[in-house]
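Undergrad: Below is one structure. I have some questions about it.
The values are calculated or read from the model by the stated rules, or taken from the named source; none is laboratory data. Please read all numbers here as calculations on a predicted model, not as lab measurements. Glycine also receives a Cβ, built like all others from the backbone with ideal geometry; neighbour counts cover every protein chain displayed. Accessible surface areas use protein heavy atoms only, side chains included; no ligands, DNA or RNA. Shrake-Rupley method; radii C 1.70, N 1.55, O 1.52, S 1.80 Å.
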Amino acid sequence: AAIWIGALALANGAQLAVMLARSRTGMMRQEERELLEHILRVEEPARQKRLLDVMRWRDTAEGEVLIRLGQAEPPLIYVASGTGVIEHDGKRVGQCGKGDFLGEMSLVSGQRASAWVIASEPMRIAVFDRNALSLLSRSSPEIGAALAAALNQGLAAKVSRMNRTARAADE
């Protein structure tokens, strides 16, 4: 019995050490690192922590509605993996995938959602708390500027994709 107790204590101690090391070094999952360091370009650990505090990671199922047309204050979502379709008036008008933000037009304009967004396969997403993100952006101008730059870059990429699709449809 003493051997089992010792083994369990050793295993628990190792797990505790890993958790403590992660909290001290700011170790992040790959999806968090991709969003914070490569998309938002926020490198300071304290700012990264503040951003992580205003988002929640989750998995979606195929067919799950992420944003509804006309929805007031739809969530701001970052897509880490998977794809979704964007629909308006029953027509598919676009697709979203890894690296895209969803709901950013409503966040920027203050208007209701302009389309449906539906997961076309399982997705891994980060959902931001809009109110907490707004407060954080005001209290930390560097975070606000990083977010604005990332959203603008994402919107420009979406417009470019839409233009390519429209040109291809005309040909």
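Undergrad: For a quick check, take a GNM of the chain with Cα springs below 10 Å and name the residue from V127, V93, V85 with the largest mean-square fluctuation.
TA: Highest fluctuation among the options: V93.
Undergrad: Let me ask something else. With r as the distance between the Cβ atoms of M27 and I3 and R0 = 22 Å, compute the FRET efficiency 1/(1 + (r/R0)^6) and round to 0.05.
TA: So, using R0 = 22 Å, E works out to roughly 0.10.
Undergrad: Now, a different point. State the Cα centre-to-centre distance between the range 113-133 and the range 1-16 in whole Å.
TA: That distance is 42 Å.
Undergrad: Could you pull out every whole DSSP H run in the chain that spans at least 18 Å of Cα extent along its own axis and averages 0.5 or higher on the Kyte-Doolittle scale?
TA: The answer, listed by residue number, is 2-25.
Undergrad: Let me ask something else about it. Pop out the carbon and sulfur fraction of the accessible area of the range 27-104 as a percent, whole number, probe 1.4 Å.
TA: Here it works out to 46 percent.
Undergrad: Which FRET efficiency, nearest 0.05, do V159 and A46 yield, Cβ-Cβ r, R0 30 Å?
TA: Rounded to the nearest 0.05, the efficiency is 0.30.
Undergrad: Using only the Cα atoms of the range 130-171, build the gyration tensor, take square roots of its eigenvalues as a ≥ b ≥ c, and label the shape rounded, prolate or oblate: rounded if a/c is under 1.5, else prolate if a/b is larger than b/c, else oblate.
TA: prolate
Undergrad: Another question, if that's okay. So if I restrict to the alpha-carbon atoms in the range 108-160, what is the Rg, and what is Dmax, the biggest pairwise distance, in Å?
TA: 13.3, 37
Undergrad: Follow-up. I need the shape label for the range 58-140. Rule: rounded when a/c is under 1.5, else prolate if a/b > b/c, else oblate, with a, b, c from the alpha carbon gyration tensor.
TA: Oblate.
Undergrad: Decide, for the range 93-133, between rounded, prolate and oblate: order the square roots of the alpha carbon gyration tensor eigenvalues as a ≥ b ≥ c, take rounded if a/c falls under 1.5, and otherwise choose prolate if a/b is larger than b/c, else oblate.
TA: oblate
Undergrad: To continue, here is another question. Using helices alone, I'd like the mean residue ellipticity at 222 nm for the chain: each DSSP H run of four-plus residues gives -39500 (n - 2.57), total over residue count, nearest 500.
TA: Taken over the chain, the calculation gives -15500 deg cm²/dmol.
Undergrad: May I pose another question? Would you compute, for the Cα atoms of the range 65-111, the largest minus smallest coordinate along each principal axis and list the three values in descending order, in whole Å?
TA: For the range 65-111, the Cα spread along each principal axis is 26, 24, 15 Å.
Undergrad: Follow-up. If each Cα of the chain is one equal point scatterer, what is log10 of I(q)/I(0) from the Debye formula at q = 0.09, 0.13, 0.17 Å⁻¹?
TA: Results for the chain at q = 0.09, 0.13, 0.17 Å⁻¹ read -0.39, -0.71, -1.06.
Undergrad: If I take R0 = 22 Å and measure r between the Cβ atoms of A145 and R68 in this structure, what FRET efficiency does the formula 1/(1 + (r/R0)^6) give, to the nearest 0.05?
TA: Computed FRET efficiency for A145 and R68: 0.15.
Undergrad: Relative to a virtual label point 7 Å from the Cα of D89 in the Cα→beta-carbon direction, which members of the range 101-118 show backbone nitrogen distances below 14 Å?
TA: 115-116
Undergrad: State in Å² the accessible area per residue of the chain; use a 1.4 Å probe, count heavy atoms of protein chains only, and round to the nearest integer.
TA: Heavy-atom accessible area per residue stands at 62 Å².
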